[in-house]
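Sending over a structure as structure tokens; questions will come in a sec.
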Amino acid sequence: MTVQAAQARGTQLLASAGLDTPALDASLLLAETLGFYRERLILTYPNPIQNSAWHHFEELLRRRLAGESVAYILGRKEFWGLEFSVSPAVLVPRPDTETLVEAALSFLTSRPPISPWSLVPAPQSLRPPVLPPQCSLLDLCTGSGAVAIALKHEAADLEVWASDISPEALEIARQNAVRLLGAGHGAPDPVKLIQSDLFDQISHCFSLITANPPYVKSAEIAGLPAEVRKEPRLALDGGADGLDLIRRIITGAPAHLHTGGALLLEAEPRQMETIRAELEKHGFVGIQIYKDLSGAERVIGGYR
């Protein structure tokens, strides 16, 4: 069997199961089997593959057909142009969450003094951001560390903290920080990781707090795609209306923000007006909503 025939067969199997991106998934799994980047597949189309490689490819296809995500099968996922290690201990980073990084960069590229009454984000092309003195970030519910690490990658002078209630998630975040930011071997940790149930173990104040917390309604989890249901429920379940943790974050954030600091939250479009009311109730001003690439309202935030 040739590489081209194997890819066609894999695509057909995944398509017959109704998966959304069968050709992409098959090519990623086949490239993993053959040990090179997906872009090289087209160069090797006429080449035969060994029986052992075909059997390995079949096993990866079976895992995908059983509802395991490609990211978990490969153990990695690209986010913000960086390749993050992932496991079933963490939520798979999604393109929508890059909106949270973009919103944070808009805040960080504002010129001091940061005024909640004159919010004019700097151009997204301004990289790296020029930071106010001692600018600091706390990323709650950090999971794989994707948001915290992406922001530290863009802003080397930013003091970054990241927390999660799960020690398994924090270990994945630590591995990603070491690999992507060059921590370890006696060097200072570029991201300070702390195990905490939201603010319980946090004593500092920050310039910016970001969070991609669980925000799926409990009753809706059973209807999620199979691959999403395999992600940690702790990172998905936001309670009856999906806002349990978001309310706790909004309530606790003012005590951990410098004056003029901002809180940015990822959520789903249906929740935005309720979250706006919660932010206003707890004294946040200059509230803004940021849309993702599909045009959906994805991130909301305001200033203390």
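Can you give the log10 of the normalised intensity I(q)/I(0) at q = 0.12, 0.13, 0.30 Å⁻¹, computed with Debye over equal Cα scatterers of region 251-304?
Reported log10 I(q)/I(0), two decimals: -0.25, -0.29, -1.20.
Counting pairs of Cα atoms in region 187-247, how many percent are more than 16 Å apart?
57 percent
Same structure again: What residues have an amide H closer than 5 Å to that of residue 261, excluding those fewer than 5 places away on the same chain, when H is modeled at 1.01 Å from N in the peptide plane?
304
Per DSSP H run of at least 4 residues, take -39500 (n - 2.57); add these up for the chain, divide by its residues and hand me the 222 nm value, nearest 500 deg cm²/dmol. Intermediate values should be presented prior to the final figure.
Values: 10 runs with 105 residues, N = 304.
Here the helix-only value at 222 nm equals -10500 deg cm²/dmol.
Restricting to Cα atoms and excluding each atom paired with itself, what does the Kirkwood estimate give for region 3-66 in Å?
11.5 Å
Next question, about the same structure. Is there a pair in 152/230; 152/281; 77/281; 77/291; 192/281; 77/192 whose C-alpha atoms are over 27 Å apart, and which pairs would that be?
152/230; 152/281; 77/281; 192/281
Let me ask you something else. Lys/Arg Cβ at +1, Asp/Glu Cβ at -1, dipole of the chain taken about the Cα centre: which of 218, 61, 290 is farthest positive-ward?
61
Any idea what the relative contact order of the chain is, in percent, if you count C-alpha pairs under 8 Å spaced at least 6 apart?
Across the chain, relative contact order equals 15 percent.
Quick one: Karplus J couplings for region 76-89, per residue in order, coefficients 6.51, -1.76, 1.60, θ = phi - 60°, nearest Hz, x for Gly and Pro?
These are the phi-based 3J(HN,Hα) values: 7, 8, 7, 8, 6, x, 10, 9, 9, 6, 9, 8, x, 7 Hz.
In angstroms, what radius of gyration and Dmax does region 88-303 have, counting Cα atoms only?
Just the Cα atoms of region 88-303 yield Rg and Dmax of 16.3, 47 Å.
Would you grab the residues whose amide H sits under 5 Å from the one on residue 206? Only those 5+ places off in sequence or on another chain, please, with H modelled 1.01 Å from N.
257, 258
Throughout, read-outs are computed from the coordinates displayed, never taken from laboratory work. Computed from a predicted model, the values in this text were never measured in an experiment. FYI the Cβ positions are ideal-geometry reconstructions off the backbone, even for glycines, and counts take in every protein chain you see.
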